[in-house]
1. Once each part is reduced to its C-alpha centroid, what is the distance from the stretch 333-386 to the stretch 468-516 in angstrom?
2. What whole-number value in Å² describes the accessible area per residue of the stretch 99-172 for a 1.4 Å probe?
3. For the stretch 179-514, what is the accessible area per residue in Å² when the probe is 1.4 Å?
4. Rounded to the nearest Å, what's the spacing between the alpha carbon centres of the stretch 100-155 and the stretch 249-287? Just the number, please.
5. Could you tell me whether the stretch 396-450 comes out rounded, prolate or oblate from its Cα gyration tensor? Rule is a ≥ b ≥ c as square roots of the eigenvalues, rounded for a/c under 1.5, then prolate if a/b exceeds b/c, otherwise oblate.
6. Which entries in K182/K496; K182/K226; K96/K148 show an alpha-carbon gap greater than 22 Å?
7. Going by average Cβ neighbours within 10 Å, how do the peptides 228-236, 379-387 rank, with the highest at the top?
8. For the stretch 179-514, just run the numbers: alpha carbon Rg, then divide by 2.2 N^0.38 Å, N being how many residues it has.
Amino acid sequence: MKLPPLQWLAVAAVIVVVAAAASPTINAPAAAAADKAEDDDDDGGGGGLDGVFPFKAIQLYNTVAGYLEYIFDMVIAPITGGVSNKKQTTSRVSYKKYQIIRVLPSDEDEVLDLEAMSEEPGVQVWMPIRLNNTADLVLPPSVARDVKQFLTQREINFVVLSSDLERSINKQNPKSPSLNQKSELKATKGHVMTWNRYHRYQDILDYLMYLSENYPHLVELLPIGKTVEGRPLKVVKISSGQTRENAAKPAIWIDAGIHAREWISPAVALFILRQLVENKSYRTLVSEIDWYILPMINADGYEYSHTVDRLWRKSRRTAATKSGRTLWDMSYGCEGVDLNRNWDWHWAGVGSSKDPCSDTFAGSHAFSEPETRAVSDFILDHRDRIQVYLTLHSYSQMWLVPWSHTKKLADDYDDMMYLARQATEAIQKVHGSQYRLGTTPSLLYTTSGCSDDWAKGKAGIKYSYTIELPDKGMYGFLLPAEKIVTTGKEIFTGIKSVAKSILKINSMKEKTKLIG
């Protein structure tokens, strides 16, 4: 690789700075041990490293390199006509030799050690670090060996779930059908949607159109806006059109795909759509209840997770602002907003970030994103009828009730738990799957600006839930496509339970009014 002289100068400066910063941290014997560790097999055992130097050196290198690159792009390049080697990430991100480990901290010191380690470059936290609870971490190959040695020396229990994340990614989704196979599907079924693979967004839109054209008496597509990149957001209204005398039918809202990498959630939403529309066995649910289903909120991020970075979480809002680039938003990963931190309910509080490069970046202000604005406007317009709000996420197999932003229980916590407990019991009867039940702070972490809290706190929807789909960590975000149908059957059973409970509650209210 041939670099312009100015960039060689920048590289040399970075090396000098990193070497200077590292010299007080590591001595000659430790350096020799580091060299030996590199030559040894990666057995996860102890070594001569103390786990401090590699992390700090890498972090310092990335910081200094970023600043120098920024100076080159903004100051030197305009004068010389040159450009830095940095390119917009358009080629697929590889996770070859990335590892997934599961750790189990047994005391607060271990929690602190793990939290510090999770801040290192490239490390991802899939499940939160909590005392006496397992946490799942993704380690890039540049730090994996050092991290495992660090954990071994600290006597923190861990197990390797995957030694090559790219291989796991490649196994998740079957190969896309050929053009001939798609044509055959279209000819025989009228669409190419199946429930044995994860489909692209255009396939999803085509299926929604198919439903509206072939079941016009049940299905209406309601455009509610567009994403940052211009993709349409369409709510599917499922209704028989019949109304009770002197009473509007209750409605249930379901959304999915707010986090791009959680592929199972839109797949399950589509499975639910199929059951309500194409399965005549559930006509009672449609005649008694109206359904509003948005199978994909974060369409831009979802497409990006298919084409570039399988583990992308946020939307695709550009990182650049009207005031120009800043030192903290110029690198890969600083694009996008966490759409589940962007809602106007304790926005930008605990569990969210104001750093654009964070996976939990809450945006510049509440409802800064067109996706969340579109959904919130629609829900507010229909809140007089929507009695249940359900948002599908993954992973961890949990049925979560508000609040998320505080450990304080909602005043009607028992009412919410009663319906949720019935739902999880119904789910367990299908395939034996157990869903943990409780608030987000009690089972995961405290967080703010979330859609379920907003739906309850601002829109006034009493029964508001987040459903964390399977699994419990064996596959994590990479749940194989072969699990779509079994997961869909379980969740639809739980949702049917909630729907029936709502009908009973409304019936009791009507009887009470008549008696009164």
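The values are calculated or read from the model by the stated rules, or taken from the named source; none is laboratory data. Keep in mind that this is a model prediction, so the values were computed, not measured. FYI the Cβ positions are ideal-geometry reconstructions off the backbone, even for glycines, and counts take in every protein chain you see. Side chains included, ligands, DNA and RNA excluded: accessible areas come from the protein's heavy atoms. Shrake-Rupley method; radii C 1.70, N 1.55, O 1.52, S 1.80 Å.
1. 25 Å
2. 43 Å²
3. Spelled out: the 1.4 Å probe surface of the stretch 179-514, per residue, equals 40 Å².
4. Measuring centre to centre over Cα atoms gives 37 Å.
5. Details: a/c = 3.27, a/b = 1.65, b/c = 1.98.
Verdict is oblate for the stretch 396-450.
6. Beyond 22 Å: K182/K496; K182/K226.
7. Numbers: 228-236: 18.4, 379-387: 16.7.
Highest mean packing first, the order is 228-236, 379-387.
8. On the way: Rg = 19.4 Å, N = 336, 2.2 N^0.38 = 20.1 Å.
Taking N as the residue count of the stretch 179-514, the ratio is 0.97.
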